[in-house]
Every structure is written in structure tokens, then in C-alpha cells.
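Only one structure is covered here, and it is reproduced in the block below.
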Amino acid sequence: MITVLHQAAQDARLAPSILNTQPWRWQVHDDVLDLYADADRRLPEVDPHGRLMTLSCGAALHHARVALAAAGFEPAVDRLPDAGRPLLLARIRDCRPRPATQENLAAYRSMRLRHTDRRLFAQGMPVPGEVLDQLRVAAEAEGARLHLLQQQDVVYLGYAAQGAHKVGAHDPRAAEELHRWTHRGADAPDGVPPGTVAGAADRPVPLRDFGLGDEAALSPGAGDDADAVYLVVATARDEPLDWLVSGEAVSAVWLMATARGLAGSPMTDVVETPGARVLVRSLLQPPGQPQLVLRLCVAQTPAPPGSPRRPAADTVTVTEGRSSGEGV
Ligand SMILES: Cc1cc2nc3c(=O)[nH]c(=O)nc-3n(C[C@H](O)[C@H](O)[C@H](O)COP(=O)(O)O)c2cc1C
């Protein structure tokens, strides 16, 4: 079992994460796979409470579950199992054999195909309504809700994004943090490469301003995002468990969307910035706590460039025999 768990933890490196920080550590021991948040990779300015770090780890947790399901196993998962060790986010245990379904295998394939696509989407390719229904069910199965913003609400999301930009532009420490994670160097295993950030363009809803200016090397394309849908992942409460579950829901929705031929990019500046967050929250019916907005549309070719990942040896440790219980 150790080999299967080890492989699942390695596959989980493909998960999306805030600024590609990959803030997770895995420990395999005694047929158990433990997921820890790596607090050294939290972003103190952008993410003071660790919400986005925990969301990112939730996405990695879901990726590991998908890898196990594709390998023919269904585990039990304990979330936040030890109140005395808040960085221990999840324990995967008791993997039972269960034949992989076509949906499991499609999700597993999507883990390699999914990339954040920040380009404008072309018009004339609306997202089919039945796919949106399936995505909603996928989010609910993970314990989160998915709100589709109606056309009139997208205008307000645009205001929220503009507001978030204004706040960010006046925060030199946040700007310095962004600069650090967008200038890691060509061989770095983490961070947001400028080649994955679209250059300036008119958009109904502006994306996060990475502060790259002319360094943003991805052509935004000729689209106008008119057919893009904006899906808000939300929870009833706003505690660490909700952040973790939301990350799992983001992964479930995004992998399913990828398998259905969609692509897109998350937006969290509108959730991090208090004023923008209040505005986004006011759009949710039934009421809820917004955790992340996913902009989706029909995927276009060529696929956008991918982002690097840290080597497995940096994020996964295997301990024979019982764990010290201290974590990693
Ligand atoms: C919690 C979370 C928040 C994110 N926030 C944003 C964002 O505000 N803007 C953006 O363009 N991308 C955002 N992303 C996408 C990441 O930058 C992206 O996942 C990472 O750079 C790795 O690239 P990949 O998704 O192509 O593998 C976010 C991802 C996660 C998981």
C-alpha cells in the first residue's frame, strides 16, 4: 500500500496553488498518508490567515484522492484530525479496493491536462448548461456550493476586481511578495512564470494584476471573455475546514471541467481584499462565504504553457514504522 500512497502524493504535486507556492508536505507511514500545510510557504501579505494556503492544500488532497481512485482504492479521509496540530490538514487511511470508474480515470487524466489559462476566451463558444449542472453537483459532493454568476452580477464582479487592484496597487509589501513569486528564475520549481501571465487587455472582469507590466509574456489573444462563466465556490461558514473542503471542491470542479473540454483561471484577489469580498458575498444566493471564483470557458488551442513543480523528494517523505507524531 505504501507504494500506492507514495505515488498518490507524488501525483498530487500537479494540483493548482496560490502563486504556485505548492504549500504542502506529505508523509507516508503505516499505510497512512498525512497531508501537512507547509507554513514556510504561506504568503504573509497576500494570505495572512492561511486561507489560500489551506485551499491549495485542499486541491492537493483531492488530487491525491483522484490518484487513489484511479488506482482502484477508496480511502477514509480524516480532515483536521488533531486540534493540537493545526498544520496536519488531513489523514488518508484504510484504503479499500474499489474498481476505478470511467469518471475516476477521466479525472486522473485531467490532472496532467489542466493548466491555468489566463488568456481571453473567444466568443461564440458558450459553456453548455448541462456541464454547469454537473460541476455544481461535483462541488456539492465535496461539501461546497457553486454559484453561477448571472450576467448582471458579472458587472459587480468586475467592480470587485477593480477595487482589489486599487487596494493592491497601494500596498508595497504585497507588491514585493508578488514580485518575489513572479521572478523565481527560469529553472525555479515554483512561482508564477511570466510566460503564463497574459499581457494587458480590456476585460469585463480584470484578472489579478501580477505587477509584471510588459514582462507578462503570454499573448491575451483576440477573444473578449463574453462567453466566460464565473463560478463562485462558497461555503456556509468560513473556518479552516471550509477552506480545505473548498480546495477539494475547486479541484473536483476544475478537473471535471477539463475533462468536459473547458479551461480557465481562478480569481482570489476578489476574495482576499475585504471590500471586494463583501461585494462578492452580496452576490451569493443563498447566502454564503465566497472562497474562490473560477472563470471558465470552452478550451482553445494551443493549450497555455504549464507551470513548474517542486521535485517529489521535497514534498513527500516515507517513514517506515510508526510516525513520531511530530509531523514534518
Ligand atoms: C487557492 C488558489 C488561488 C489562486 N488565485 C489565483 C488568482 O487570483 N489569479 C490567477 O491568475 N491565478 C490564481 N490561481 C492559479 C495559480 O496561480 C496556479 O494554479 C499556479 O500558478 C499553478 O499553475 P497551474 O494551475 O497552471 O498548474 C490560484 C490557484 C489557487 C489554488
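Relative to the longest principal axis of the C-alpha atoms of the chain, give the angle of the C-alpha long axis of helix 240-259, reported between 0 and 90° and rounded to the nearest 10°.
Approximately 70 degrees, to the nearest 10.
Rounded to whole Å and sorted largest first, list the principal axis extents of the Cα atoms in the chain.
Projected onto the principal axes, the Cα atoms of the chain cover 56, 44, 38 Å.
Arrange the peptides 208-214, 251-257, 270-276 so that the one whose residues have, on average, the most other Cβ atoms within 10 Å appears first.
Output ranking for 208-214, 251-257, 270-276: 251-257, 270-276, 208-214.
Run through segment 220-328 and list the trypsin sites (Lys or Arg not before Pro) located in a DSSP loop whose Cβ has at most 15 other Cβ atoms within 10 Å.
Within segment 220-328, the qualifying trypsin sites (Lys or Arg not before Pro) (loop, at most 15 other Cβ atoms within 10 Å) are Arg237, Arg322.
If you average the sequence gap of Cα pairs under 8 Å that are 6 or more apart and divide by the length of segment 129-298, what percent do you get for the contact order?
Relative contact order of segment 129-298: 32 percent.
Placing one identical point scatterer on every Cα of segment 129-298 and ignoring solvent, what is log10 I(q)/I(0) from the Debye formula at q = 0.14, 0.16, 0.17, 0.18 Å⁻¹?
-0.78, -1.03, -1.15, -1.28
Got the relative contact order for the chain handy, in percent, Cα pairs under 8 Å and 6 or more residues apart?
Computed over the chain, the figure is 26 percent.
Principal axis extents for segment 112-171, Cα atoms only, whole Å, descending order, please.
Projected onto its principal axes, the Cα set of segment 112-171 covers 40, 32, 31 Å.
Could you work out how far the C-alpha centroid of segment 1-43 sits from that of segment 81-144, in angstrom?
With segment 1-43 and segment 81-144 each reduced to a Cα centre, they are spaced 16 Å.
By how many degrees, 0 to 90 and rounded to 10, does the Cα axis of helix 2-11 deviate from the longest principal axis of the chain?
On a 0 to 90 degree scale, this one is about 10.
Run the Debye formula on the Cα coordinates of segment 218-321, all scatterers equal and no solvent, and tell me log10 I(q)/I(0) at q = 0.16, 0.22, 0.25 1/Å.
The Cα Debye sum returns log10 ratios of -0.89, -1.24, -1.35.
Grab the beta carbon distance between Ile2 and Glu239, set R0 = 35 Å, and tell me the FRET efficiency rounded to 0.05.
After rounding, the FRET efficiency stands at 0.60.
How would you rank His63, His183, His165, going from fewest to most other Cβ atoms within 10 Å of each one's own Cβ?
His183, His165, His63
Between Lys166 and Asp94, 0.36 nm times their residue separation minus their Cα-Cα distance comes to what?
Between Lys166 and Asp94, full extension yields an extra 21.1 nm.
In degrees, nearest 10, range 0 to 90: what is the angle between the Cα axis of helix 51-70 and the longest Cα principal axis of the chain?
60
Any number yet on Rg/Rh for segment 23-135, C-alpha, Kirkwood?
My calculation of the ratio gives 1.04.
Each value in this text was obtained by applying a stated rule to the coordinates, not by laboratory testing. Predicted model only: the values in this text are computed from it and were never measured. Note that we place each Cβ from the backbone using ideal geometry, even for glycine, and neighbour counts take in every protein chain shown.
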